[in-house]
Amino acid sequence: MDQDQIFLEYVIKAIVNNPDDVKVTRTVDERGVLLVLDINPSDMGYVIGRQGQTARSVRTLLKIVGAKNNARVNLKINEPEGGRGPRHMAAPVAVNNDDVDTSAVDLNI
């Protein structure tokens, strides 16, 4: 295994509750190194963090490891089935169009 792959596995296994489910696949192409991370669905929140902050930090650290080895390293986090809970959207508000004055935006075409 290469240093970037070992580093990523070490960091992610320290963060998650199911370290045995962490799997990192490394591929190299003309654009650089791509590390693909597979984790347990219940650990997705730990890896992503609030507003993506943890994932962003891991990506930054990987870029530093890559720069040390003259390689461009990118991270793709595979979203496992059931990784995200249901999205809650605001309930639609019923609007009675008879009460709304649209004269300011009506176009006479």
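Any read-out appearing in this document is the output of simple, stated calculations on the displayed coordinates, not a laboratory observation. What you see is a predicted model; the values in this text were computed from it and never measured. Don't worry about glycine lacking a Cβ; one is built from the backbone with ideal geometry, like all the others, and counts go over all protein chains shown.
Here are a few things to note about the model shown:
- The overall shape of the range 3-77, judged from the alpha-carbon gyration tensor, is prolate: a/c is not under 1.5, and a/b is greater than b/c.
- By the count of neighbouring beta-carbon atoms within 10 Å, fewest first, Ile15, Ile6, Ile48 end up ordered Ile6, Ile15, Ile48.
- Applying the Karplus relation 6.51 cos²θ - 1.76 cosθ + 1.60 with θ = phi - 60° to the range 9-18 yields 3J(HN,Hα) values of 4, 4, 5, 5, 5, 6, 8, 8, 8, 10 Hz, where x marks Gly and Pro.
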